[in-house]
Amino acid sequence: MDDPHYDVIVVGGGAAGLLAAGQAAQQGARALLLEKKNRPGRKLLLTGNGRCNLTNTNPLPDFLAHFRHNGPFLRQAFHEFFAGDLIGSSTH
């Protein structure tokens, strides 16, 4: 690339980073996505048995087990708002 100018630089290739970079590019910005791991979006494979289904219907303990040592950190947030809440909000 001759011109290293970017309108948007996104650090982190998780779900939010992928979405941010994609939206920026879709709006016409020259976007650069930086990720330290070799597979951006890897954790998305945990949702919906690898199908990126955010409405995973597994019980909360089973879902959190996929996050191993990070599971306890996520427990409170998912306890307050989990798949059933997301499914319910999409019908309104």
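The values are calculated or read from the model by the stated rules, or taken from the named source; none is laboratory data. None of the values given here were measured: they were computed from a predicted structure. Areas reflect the complete protein model, heavy atoms only, side chains present, ligands, DNA and RNA absent. Shrake-Rupley method; radii C 1.70, N 1.55, O 1.52, S 1.80 Å.
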Fully extended contour minus Cα-Cα distance, from Gln23 to Lys36, at 0.36 nm per residue: 2.6 nm
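Sorted by accessible area (1.4 Å probe), largest first, how do Arg75, Arg42, Arg30 line up?
Values: Arg75 115, Arg42 135, Arg30 85 Å².
Output order, biggest surface exposure first: Arg42, Arg75, Arg30.
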